[in-house]
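Notes follow once the structure below has been shown.
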Amino acid sequence: MIDVSGSMSAYWNQLLVGWNCYVAPRLTGRTNLFVFGDSVVLKRSDSVLEMADFESGGTNLTGALQTIANEVYLCKEKYIKVFLLTDGHHNATQISPDMVIQQIFAPERKVCCVCVIGVGSGFPVQYSINIRSRLHNDSANFPPLFWVKRYEEIEVRMKEIGSTICDGASQVLHLSMAGFSLPGEKAKDTFHPKEWVYFPFGPEKVQELSLSYHRNICRILLQPRDMPVPILKEVFRQWNSVIIQLHNKKEVVPSDTLPFMERLFNTKMEELRDTKSGSIRERLAKREFKTYETDFRTLFNKIRAILTTVKFSSELELAENILSTTVGGGKYETKVLQMKGHTAEDYMNDCKDFMNVYEEHKHKILKINNIAEDCCRITLSSTVSDLQDPDFAMMMDLNKFEFLKHFTISGIPVYAPSRDSVSISPWSYGIHALVDSPYTIMSQVAIESFSDLNSEDEKKKEMQLQWGEQKTRCNAIVPVFPPKVAKIMAPIVHTRLYAMCASFAILKTPFIIDNNIHMAALGVTWVKILFEYPTTPRPEFVSHRIESIEATADLYLGRPSYMKYWQVLKSDPAQALMTESTIQVDNKTLKCETLIKPMFILHMYQRSENLDNATVVANIMRMILLEYVGRCLSRYKINKNHSTPFTDFFAKTLADQELKKEWVQKYMDTTRASIIGFEGFLLDDFYTLEEVQKAAKKTALEEIKCLKEQLTAQIPIAVDVTKVEQLRSVSLAGDVSWFTLKVFAREIGLREEVINDLFSERSVFMYTAHALQYRSSRERLTTSVGDYTAFFSVVTKNVQQENYRSIATDLISEIVNQLQSAWLKAYAHAHREVVQPMTRQQILAEAPERGVQVTDITFEEVYKKYRPDVGLLSNACQCRACPYFLIPNRRYNQHSSVERQSPTAFPHGLHRAAYHHRDSDLPTIISYLESGTFKTPVPRQAVEHFKNHLADLKEIYKETDSSAPT
């Protein structure tokens, strides 16, 4: 019975694939496939879902429950499985699902297994549990609920359901003695496979037990055994499942059940509390003591909350409580504790191989003097002490995950946040912090024990050894052995089982076995120490750490892959430093995931072979520096428009916006005089602002023709060493800095004069220029490095190209603004006086003086649209200081419009208002201007500046001919 309402559309594709892959193939017999949206529809008698089965619509949960009940009661089959999958509450009819649920009961003489699958955060938890409680009479060990919180979880849940329904647990078995699925409930003699049976008798009464299945009978001789706490927890989970079923059917829950559970648990804890915890035997017995107590109290409180809470504020809280207290809800229940490609059989073989090696070298291991300084500061154990324990073989009885948690891997405690890339590239492992003295040696056993008690997030396993001290926080262990022990431990270290343990201690995941992660982590730790303790002599505990790292790493130097990498690094460092080389070794492409790899390999083999060829070492160091800068800059502004990488690193004046602005201003100051000249020239030459702007742009383009040469001559080209020193790229270069590289150069024995040359400004110039030219590692390292002169030329050219356009644009804008401002200043000076009205006779008298050929006969033709009432021309300027006074021009409106763009713009209609209301007082005239009587309303503040001029105009118009047309 599958919900196909509209809200299920997001889950449908994944659901269809998961169901058809993991559940449908395991269903036998007759299957009726129903879907419900607005109504309930029988699609077909088949177990396979089809894409077309999805219909969308509402959620008719009531109809779905009624159909389920009818099908169960009317079918002829004895064994029935019901699957109900839904994501939302009923919304299709007025009939509540409660009305149907109250009438449902478990079928007689039939075994009905109800599988409830809730989807998302809105599925009806209470209804789902109620229908399951009333109809289910199959195994008490069948999970009461499967919850798909997100669509990514569908495949996992379908796998769980598929494996659960095919385990044969629905078969009915008859016992010769009645027992209980839950203490205090009705006794019965029929049970299902994998159910726990409680007998309220002493062991002597149930030692001989017969079991029958159909006509088959077998007798079992039971022997008393100690019950491990994990088994007791599983019994409690079964009991909780039955308790919840009784509670939801409103049947009486036996009053002594919860107290009985508590008494059983406390008795078991008392047994464990009395045991010691020094040896492996004792440690294994007591290893989960605190975890057991915490888990039980949590389980106990949640089941009590389910029984006592009338209504949960959130049904999701109810779902969480049910999942965490009943069958299928354990911490590791649904987790696949197998590494990828590493089966249980592989693990057994690895254990066998390990024990063979262990037995062969056991006599040497037992002779090791294991001192307290080499042991975990919390557990007081170490890898060596575990191997020396007489009960070490008991470890081999643990499953894979338990072995990883409890076999001590001692080493340097670090804080290393998880990154997915490490599983692909172990040399990209990153350490944020090393734990300092006194916690110089710790173990993964301590971290696991601490996180089990304190961490709610299973994936976030870490511990803080001192409150408030960040330097004491750790979540991983880098395994090391002291120099006197390392060689004896070599055979153990080279086993696959130890590689699995080292991977777990370093990566904090049981799902990866990486044969390179230990060497990589040693290298990363060593580089981190160089950064934190750059000078010698170093503290004693630090020196001991370095010695232990080197002694442990020595164990891997005989590995062919490292030996061959070292040979390439010596003979052709460029190939060894490429992220992916152009050469192959053993049919595999040689790779350099991060620069920590060649640094650590160089250091280790230099010690091993006593390499004293300073030229070879210096050459490798120079190539490492070149590649470091290259990797840090490989993505620098590579996809950004108008980026200026060469400018950023080589032209500080232009890279800094303030300095760049200052330089542009200085350039303008030196060229302004020759460009602008005197202000009157510009006003005489250009009638309109548009003409000025066009001419200014042309002038500016001519002025910047020599800009490229000016850039080269005036801008100093020099590498910004500080900027280069601050470069970092953990993902590409590794967790290493420029400062650490300089410490490393001293660590490998280079002379100070060589180091000074390698890190000189001239060398940094060349590294950076080469890096910006060739962004890919392969291209960068296959191209020969040029000399300084060639690089300087390349840098200069690139700086010119990057800046010419942007600076040219800025300069053009600046020059245009300068020229325009000069013209506007001259214009404002020439038009500072208010235009005075002129009669026809006045114009005819003065115009010839300005070179205008006009007579009384040609007046209307020369001065079109002259307005005699206000004495204003429509095609000529009447400002006497303007060089265009009384000169007619068809673009006069463009010329005069400039006057209206300033803060003290000439008010529109000033002359008309003064003329029409020449007999009125000033306040009246101003109010007319404000009201917009003369087309455009004029703000009072705009008129204030012209009050005196307005008064003068009013008087002039009074003196004019009173018969002038209006």
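The values are calculated or read from the model by the stated rules, or taken from the named source; none is laboratory data. Keep in mind the model is a prediction, meaning the values are calculated, not measured. Don't worry about glycine lacking a Cβ; one is built from the backbone with ideal geometry, like all the others, and counts go over all protein chains shown. Accessible surface areas use protein heavy atoms only, side chains included; no ligands, DNA or RNA. Shrake-Rupley method; radii C 1.70, N 1.55, O 1.52, S 1.80 Å.
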Requested in this report: Check whether at least one residue in the stretch 83-94 is modelled with pLDDT under 90 and either assigned to a strand (DSSP E or B) or hydroxyl-bearing (Ser, Thr, Tyr) (or both), and report yes or no.
Outcome: yes
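Would you mind finding the one in 66, 103 that is in a helix (DSSP H, G or I) and open to solvent by 60 Å² or more (accessible area, probe 1.4 Å)?
On the way: 103 fails: in a helix (DSSP H, G or I).
None of the others qualify; the one that does is 66.
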In this structure, is residue 245 among the polar types (S, T, N, Q), open to solvent by 20 Å² or more (accessible area, probe 1.4 Å) and assigned to a helix (DSSP H, G or I)? yes
For the stretch 765-778, pairs from a residue that is in contact (Cβ under 8 Å) with a residue 24 or more places away in the chain to a residue that is open to solvent by 50 Å² or more (accessible area, probe 1.4 Å) and of a type outside the set (Phe, Trp, Tyr), with Cβ under 7 Å and 6 or more apart or across chains, are 766/785; 770/785; 775/638; 777/579; 778/580; 778/582
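Confirm whether residue 541 is assigned to a helix (DSSP H, G or I) and either touching a helix residue (DSSP H, G or I) at 6+ places or on another chain (Cβ under 7 Å) or of a type in the set (D, E, K, R) (or both). Don't jump to the end; show me each part of the working.
On the way: assigned to a helix (DSSP H, G or I): yes; either touching a helix residue (DSSP H, G or I) at 6+ places or on another chain (Cβ under 7 Å) or of a type in the set (D, E, K, R) (or both): no.
So residue 541 does not fit the description; no.
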Reported set for the stretch 506-522 where residues are more than 19 Å from residue 604 (Cβ to Cβ) and either modelled with pLDDT of 95 or more or touching a His at 6+ places or on another chain (Cβ under 7 Å) (or both) is 513
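Would you say residue 173 is closer than 23 Å to residue 107 by Cα and either among the basic types (Lys, Arg) or open to solvent by less than 40 Å² (accessible area, probe 1.4 Å) (or both)? Outline the logic, then answer.
Details: closer than 23 Å to residue 107 by Cα: yes; either among the basic types (Lys, Arg) or open to solvent by less than 40 Å² (accessible area, probe 1.4 Å) (or both): yes.
So residue 173 fits the description; yes.
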Here the qualifying pairs (Cβ atoms under 7 Å; residues six or more apart or on different chains; first in the stretch 99-128 and basic (Lys, Arg); second open to solvent by less than 30 Å² (accessible area, probe 1.4 Å)) come out as 110/80
Of the conditions (1) under 30 Å from residue 321 (Cα atoms); (2) surrounded by 12 or more Cβ atoms within 10 Å (Cβ to Cβ); (3) among the acidic types (Asp, Glu), the single one that residue 270 does not satisfy is (2)
| request: Examine the stretch 52-63 for a residue that is farther than 21 Å from residue 156 by Cβ, crowded, with 19+ Cβ neighbours inside 10 Å and in contact (Cβ under 8 Å) with a residue 60 or more places away in the chain, and state whether such a residue exists. | output: yes
Sole miss for residue 751 among (1) more than 15 Å from residue 623 (Cα to Cα); (2) surrounded by 14 or more Cβ atoms within 10 Å (Cβ to Cβ); (3) basic (Lys, Arg) is condition (2)
Across (1) part of a helix (DSSP H, G or I); (2) over 60 Å from the mean Cα position of the chain (by Cα); (3) at pLDDT 75 or above, residue 894 clears everything bar (2)
Legend entry - Some residue of the stretch 366-373 being open to solvent by 20 Å² or more (accessible area, probe 1.4 Å), acidic (Asp, Glu) and more than 17 Å from residue 461 (Cα to Cα): yes
If we keep only residues of the stretch 417-445 that are out of contact with any Ser or Thr (no Cβ under 8 Å at 6 or more places or on another chain) and farther than 17 Å from residue 516 by Cα, then the residue modelled with the lowest pLDDT is 417
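Give 782, 789 a once-over and let me know the one that is within 53 Å of the chain's Cα centre (by Cα) and surrounded by fewer than 13 Cβ atoms within 10 Å (Cβ to Cβ). Full working, then the answer.
Details: 782 fails: surrounded by fewer than 13 Cβ atoms within 10 Å (Cβ to Cβ).
789 is the lone residue from the list that is within 53 Å of the chain's Cα centre (by Cα) and surrounded by fewer than 13 Cβ atoms within 10 Å (Cβ to Cβ).
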Over the stretch 194-230, the set of residues open to solvent by less than 60 Å² (accessible area, probe 1.4 Å), within 50 Å of the chain's Cα centre (by Cα) and either modelled with pLDDT under 85 or of a type in the set (Phe, Trp, Tyr) (or both) is 229
Condition set in a loop (DSSP other than H, G, I, E, B) and touching a strand residue (DSSP E or B) at 6+ places or on another chain (Cβ under 8 Å), scope the stretch 426-453, selection nearest to residue 280 (Cα to Cα): answer is 441
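Counting only residues that are in contact with a Ser or Thr (Cβ under 9 Å, 6 or more places away or on another chain), open to solvent by 20 Å² or more (accessible area, probe 1.4 Å) and either at pLDDT 90 or above or part of a helix (DSSP H, G or I) (or both), how many does the stretch 852-873 have?
Restricting attention to the stretch 852-873, the residues satisfying the condition of being in contact with a Ser or Thr (Cβ under 9 Å, 6 or more places away or on another chain) are 862-869, 871.
Next cut, open to solvent by 20 Å² or more (accessible area, probe 1.4 Å) only: 862, 864-869.
Within this subset, residues satisfying the condition of being either at pLDDT 90 or above or part of a helix (DSSP H, G or I) (or both) are 862.
Qualifying residue count, the stretch 852-873: 1.
Mind checking whether some residue in the stretch 679-690 is within 58 Å of the chain's Cα centre (by Cα), at pLDDT 75 or above and open to solvent by 90 Å² or more (accessible area, probe 1.4 Å)? Spell out how you get there, then give the answer.
Of all residues in the stretch 679-690, those within 58 Å of the chain's Cα centre (by Cα) come to 689-690.
From the residues that got through so far, the ones that are at pLDDT 75 or above too are 689-690.
Okay, now just the ones that are also open to solvent by 90 Å² or more (accessible area, probe 1.4 Å), so 690.
Yes.
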Residues in the stretch 720-738 that are among the basic types (Lys, Arg) and open to solvent by 80 Å² or more (accessible area, probe 1.4 Å) total 1
Screening 594, 552 for residues that are in a helix (DSSP H, G or I) and either in contact (Cβ under 8 Å) with a residue 24 or more places away in the chain or open to solvent by less than 20 Å² (accessible area, probe 1.4 Å) (or both) leaves only 552
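Residues checked against (1) of a type in the set (S, T, N, Q); (2) at pLDDT 90 or above; (3) under 26 Å from residue 549 (Cα atoms):
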position	(1), (2), (3)
568	no, yes, yes
594	yes, yes, yes
602	no, yes, yes
615	yes, yes, no
619	yes, yes, yes
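Which of the residues belonging to the stretch 24-44 are assigned to a strand (DSSP E or B) and open to solvent by less than 50 Å² (accessible area, probe 1.4 Å)? Don't jump to the end; show me each part of the working.
Residues of the stretch 24-44 that are assigned to a strand (DSSP E or B), as a first pass: 33-36, 40-44.
Residues satisfying the conditions are 33, 34, 35, 36, 40, 41.
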Residues of the stretch 1-39 being in contact (Cβ under 8 Å) with a residue 60 or more places away in the chain and hydroxyl-bearing (Ser, Thr, Tyr), in sequence order, are 5, 7, 11, 22
Note on residue 413: of the conditions (1) closer than 21 Å to residue 281 by Cα; (2) in contact (Cβ under 8 Å) with a residue 60 or more places away in the chain; (3) not acidic (Asp, Glu); (4) not in a helix (DSSP H, G or I), unmet is (1)
Residues of the stretch 69-100 being surrounded by fewer than 19 Cβ atoms within 10 Å (Cβ to Cβ) and among the hydroxyl-bearing types (Ser, Thr, Tyr), in sequence order, are 73, 79, 93, 96
Notebook entry, point to check: Condition test on residue 156, is it part of a helix (DSSP H, G or I) and out of contact with any strand residue (DSSP E or B) (no Cβ under 9 Å at 6 or more places or on another chain)?
Noted result: no
Reported set for the stretch 795-832 where residues are open to solvent by less than 40 Å² (accessible area, probe 1.4 Å) and under 20 Å from residue 879 (Cα atoms) is 822, 823, 826, 827, 830, 831
Of the candidates 366, 404, the one satisfying the condition of being within 21 Å of residue 485 (Cβ to Cβ) and of a type outside the set (D, E, K, R) is 366
